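Remarks on the structure that follows.
The values are calculated or read from the model by the stated rules, or taken from the named source; none is laboratory data. Being a predicted model, the structure only gives us computed values, none of them experimental. In this analysis, Cβ positions are derived from the backbone assuming ideal geometry, glycine residues included, and neighbour counts consider all displayed protein chains.
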Amino acid sequence: MAYCSKDDVENVLNAALVAQTATEPDADEPDWGVVETVCVRASAEVDSYCGGRYATPFSPTPDVVRWKTADIAAYLLLVRRGFVEEDADTPIGKRYRDAVRWLTDVSKGDAHIPTSAATPEPSEQLTAVVSRPKLFSEDGLAGY
């Protein structure tokens with residue numbers, strides 16, 4: 001499940017640039033599956049950071065997760081078409097690094113994701129005792 005969509009990536013870049021980067025050199029039309037693929041890859045990256053503290057995949061997706069995933073997906077889409085790390089001072093490079101920095105903070109517990117299903121802290125520790133069923137009972141031993 002992807003946390004962002006083509007529309008979210010277009011909000012980060014723009015529709016024309018997304019279409020251009022999704023079009024193969026020998027094709028006339030964009031391959032929108034490419035955009036879906038980078039959205040899925042970006043979502044997996046988000047899960048790799050958040051999975052230690054939150055139940056993933058998120059459902060519903062919190063807005064902040066959708067936004068950060070779109071930043072990562074936009075970066076991955078550009079990298080796929082030749083965007084190099086030397087160009088990382090561009091706004092998309094900065095957005096990508098900010099998203100990864102935020103995800104790192106989430107994984108450390110320094111940043112939090114607002115979720116609709118908050119997990120309550122346990123108020124007490126419980127212990128469960130498990131044993132085998134009785135082999136002998138008073139009724140079973142009656143008469144011996």
Completion exercise
Across (1) under 15 Å from the mean Cα position of the chain (by Cα); (2) within 23 Å of Thr104 (Cβ to Cβ); (3) touching a residue at least 24 places away in the same chain (Cβ under 8 Å), Thr56 clears everything bar (3)
Exercise for the section: Go through segment 71-105 residue by residue and tally those that are more than 23 Å from Val34 (Cβ to Cβ) and either touching a Cys at 6+ places or on another chain (Cβ under 6 Å) or not in a helix (DSSP H, G or I) (or both). Expected result: 1
Fill in the blank from the handout: Over segment 1-53, the set of residues free of Cβ contacts under 8 Å to residues at least 12 places away in the same chain and among the acidic types (Asp, Glu) is Asp7, Glu10, Glu24, Asp26, Asp28, Glu29, Asp31, Asp47
Practice task
Output yes when any residue across segment 93-110 is modelled with pLDDT under 90 and exposed (fewer than 10 other Cβ atoms within 10 Å of the Cβ), and no when none is.
Solution key: no
Practice task
For residues that are small (Gly, Ala, Ser) and touching a helix residue (DSSP H, G or I) at 6+ places or on another chain (Cβ under 8 Å), scanning just segment 33-49, find the one that is surrounded by the fewest Cβ atoms within 10 Å (Cβ to Cβ).
Solution key: Ser43
Problem - Lone unmet requirement of (1) in contact with a helix residue (DSSP H, G or I) (Cβ under 9 Å, 6 or more places away or on another chain); (2) in contact (Cβ under 8 Å) with a residue 24 or more places away in the chain for Val79 - result: (2)
Exercise for the section: Would you be able to say whether some residue in segment 54-70 is in contact with a Pro (Cβ under 9 Å, 6 or more places away or on another chain), part of a loop (DSSP other than H, G, I, E, B) and closer than 17 Å to Trp102 by Cβ? Expected result: yes
